[in-house]
Amino acid sequence: MATFAPIMNRRHFCKIASLAAGAIGLNAFPAAALSAQRAATSSPSATAPGRISRPCRVSVLRRECHLDLQSLYLDDPDTGPCTAFKSGDVFTFDADAGRPDGFCPRLWDLIVATASQSSCAKALTETTSIISCPDGTRPVIVRIDRL
């Protein structure tokens with residue numbers, strides 16, 4: 001009777017290996033250097049958490065609805081698409097704007113993070129980003145234009 005070794009899942013292996021390499025890389029910087037870097041980059045005029053640091057326009061491109069996933073994983077399988085937004089909605093936010101009443105908090109956090117990107121070289125040259133709400137069964141896809 002022959003025994004077989006399980007087949008290696010390459011995606012899983014690569015994911016675990018990259019996480020391990022990242023964890024090792026974080027330990028390469030001493031804690032004092034990291035705290036000095038944070039102190040140098042933070043300023044009293046920095047935008048408060050949950051607020052947009054640069055003006056932007058947010059356009060709702062599409063609302064998705066995955067009925068098969070909703071029927072499998074949600075308590076209410078007839079939830080349908082997100083009711084907070086409609087395709088074609090456009091919102092303009094000034095710098096230091098806070099989350100408007102009724103705006104999805106999870107999508108707002110992503111918008112703030114995307115609109116406030118200034119540390120990436122790409123973010124300095126590109127003014128448009130497309131992101132998606134983290135709701136996997138009924139995501140809302142938006143376009144963010146930094147003004």
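Of the trypsin sites (Lys or Arg not before Pro) in the stretch 59-147, the ones in a loop by DSSP (not H, G, I, E or B) with at most 14 other beta carbons within 10 Å are 86.
Net charge dipole, the stretch 56-146: roughly 360 debye, given to the nearest 20, about the Cα centre with Cβ charges of +1 for Lys and Arg and -1 for Asp and Glu.
Computed from the coordinates by the stated procedures, all read-outs in this text should not be read as laboratory data. Nothing here was measured: the structure is a model prediction, and the numbers come from that model. Because the Cβ atoms are built from the backbone with ideal geometry, glycine has one as well, and the counts that use them run over all protein chains shown.
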